[in-house]
Amino acid sequence: MSTVTLCRETPKIFSRCARIIYAALALAALAWVAPCQEISTTEPKGPDPDTNAEAHDNSGHESRHILGIIPNYRTFPSLQDYKPLSIGEKFKIASEDSLDRGTFALAAAFGGLGQMTNSNRSFGQGAAGFGRYFGASYGDLLIGNYMTEAVYPSLLHQDPRYFRRGIGTGRSRFFYAVSRVLWTQRDSGGTQFNYSEWLGNSTAVAISNAYYPDQRSAGSAVSKLALQVGVDAVGNVLKEFWPDLQRKFSKRSKPGANNRP
């Protein structure tokens, strides 16, 4: 791409990225608004027995799925008694995320959207075209998962898990969740810039040029990177507030819950 062309495309690139990021944060805000009022009035002192019971389910994992479909294998309830993962455990998490039914469903959704908008004309339409869109979308998720959750975390000694904050106001927890795409836990303790997130997704975008013949421009690469990081930010917010939403829904579903004083 020539310098003149890149200069012309730059405003379009930033505009496209801004729309993606705004949409991602808008979706993430939906997970925050519902429990926000209840959470903001919760005292951070003393653990919630319901939270503790849930935290110890599945050997320290949170529930395996959010909303029954979104994979949730790399969420942990807190950093208390932190223990780093082995390389094998990091690859196990990436495999669980990649082979989950929710990942296939998300790939189908992205593939269907791509076909509707005809984003890659060479893929074509019909069942065969959808198969190509689905395969490419699943490839994006598969490669992104392994790069951000296994390969780079192993090379850079970073922890790919999301550790819930669980206390504080809804606002503070929301921004904490979004910030985890920028900061992450080191295996040796402490935090540092989330190189695994950005290098992993950048590598996945670069590899995707092999199977996206119509999207090999700098603008497309930046857009795809922004989309993947935005999706991860949305996922973090959902992971942070999912136990609160579960408790809220379970209280409403209990007989006589609405009649309590």
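How large is ³J(HN,Hα) for each residue in region 220-235, as worked out from phi by the Karplus curve 6.51 cos²θ - 1.76 cosθ + 1.60 (θ = phi - 60°), to whole Hz, x for Gly and Pro?
5, 5, 5, 5, 5, 5, 4, 5, 5, 5, x, 4, 5, 5, 4, x
Karplus couplings for region 99-114 from phi (6.51 cos²θ - 1.76 cosθ + 1.60, θ = phi - 60°), rounded to Hz, Gly and Pro as x?
Along region 99-114, the couplings run 9, 6, 4, x, 5, 5, 5, 5, 5, 5, 5, 5, x, x, 5, x Hz.
If each of S179 and F104 carries a label point 7 Å out from its Cα toward its Cβ, how far apart are those two points in nm?
In this crude label model, S179 to F104 measures out at 3.9 nm.
Multiplying the sequence separation of L156 and S172 by 0.36 nm and subtracting their Cα-Cα distance, what value in nm do you get?
Difference between extended and current length: 2.9 nm.
What full-extension length gain, to one decimal in nm, is calculated for S122 and S188 as 0.36 nm per residue of separation minus the Cα-Cα distance?
Gain on extension, S122 to S188, equals 19.1 nm.
What are the ³J(HN,Hα) values, in whole Hz, obtained from phi via the Karplus relation 6.51 cos²θ - 1.76 cosθ + 1.60 with θ = phi - 60°, for each residue of region 120-134 in sequence order, with x given for Gly and Pro?
10, 4, 5, 6, x, 10, x, 5, 5, x, 4, x, 5, 4, 4
Quick check: pseudo-label points 7 Å beyond the Cα along Cα→Cβ at L79 and F249, how many nm apart are they?
3.0 nm
How many times 2.2 N^0.38 Å is the alpha carbon radius of gyration of region 90-160?
That ratio works out to 1.28.
Taking Cα atoms of region 146-238, Rg/Rh with Kirkwood Rh, to two decimals?
1.03
Near Q115, within a Cβ-to-Cβ distance under 14 Å, what is the net charge of the other residues, with Lys and Arg +1 and Asp and Glu -1?
Numbers: positive: R121, R132; negative: D214.
Neighbour charge sum, excluding Q115 itself: +1.
What residues have an amide H closer than 5 Å to that of Q158, excluding those fewer than 5 places away on the same chain, when H is modeled at 1.01 Å from N in the peptide plane?
D187
Computed from the coordinates by the stated procedures, all read-outs in this text should not be read as laboratory data. Quantities reported herein were computed from a predicted structural model and do not represent experimental measurements. Backbone-built Cβ (ideal geometry, glycine too); neighbour counts: all protein chains shown.
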